[in-house]
Amino acid sequence: MKFQIQNSNIDDTEDIFSLYKIATDFQKTRFTVHWPEFNRTLIETEIAENRQWKIVANDKIACVWATTFNDPQIWEERNEAPSVYIHRIASNPDFRGRNLVGQIVEWVKLYAKENKKQFVRMDTVDDNPDLINYHTKCGFDFLGLVKLKNTDGLPAHYDNATVSLFQMTI
């Protein structure tokens, strides 16, 4: 099966929200903190700015995620270093076990180089040893837990949150 990474487009919006719902429902069975329902404007803005991505196989969306080059509320003073930030990876259950995160990692390394970035960064909410272990196996360094100071304007799952920070040097 051939996988392709491409920008999401406005026609993908309902599929993106469907994958977010599947991911949130799964999170609710395993974790105390889970994703809220995301604002449609947020997703449409990411699509318009070419920051919402997808992996496609057999004309189906296998996975989605978003990127940004700026994440000051989560990364605070570390945000000054040139970085690509990955957010909201959500996989289609029909494609689980296909190493989709590994494919994203290989892609984002090239994307970071093309955009002259020094780091690839990601965060997860809460202290989740299984997720920490998974992301380190994917090549990220676990930088520790940080209590967020200012979450104004961030999605609701960041309210009063402690996040696990991950970084990969390019």
Quick check: residue separation of Asp159 and His34 times 0.36 nm, minus the Cα distance between them. What number comes out in nm?
43.9 nm
How many nm separate the modelled label positions at Phe26 and Thr169, each set 7 Å beyond the Cα in the direction of the Cβ?
3.2
Over the chain, the sum of -39500 (n - 2.57) across DSSP H runs of at least four, divided by residue number and rounded to 500 deg cm²/dmol, gives at 222 nm -10000 deg cm²/dmol
Partner lysines for Lys21 [C-alpha distance under 19 Å; skip if fewer than 8 residues away on the same chain]
Lys54, Lys60
State, to one decimal in nm, how far the label point of Glu76 lies from the label point of Asp127, with both points 7 Å from Cα in the Cβ direction.
1.7
Per residue, what accessible area does the chain have, given a 1.4 Å probe and all protein chains present, in Å²?
53
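The values are calculated or read from the model by the stated rules, or taken from the named source; none is laboratory data. Keep in mind the model is a prediction, meaning the values are calculated, not measured. Every residue, glycine among them, receives a Cβ derived from its backbone with ideal geometry; neighbour counts consider all protein chains shown. Accessible surface is based on the protein model in full, side chains and every heavy atom, while ligands, DNA and RNA are left aside. Shrake-Rupley method; radii C 1.70, N 1.55, O 1.52, S 1.80 Å.
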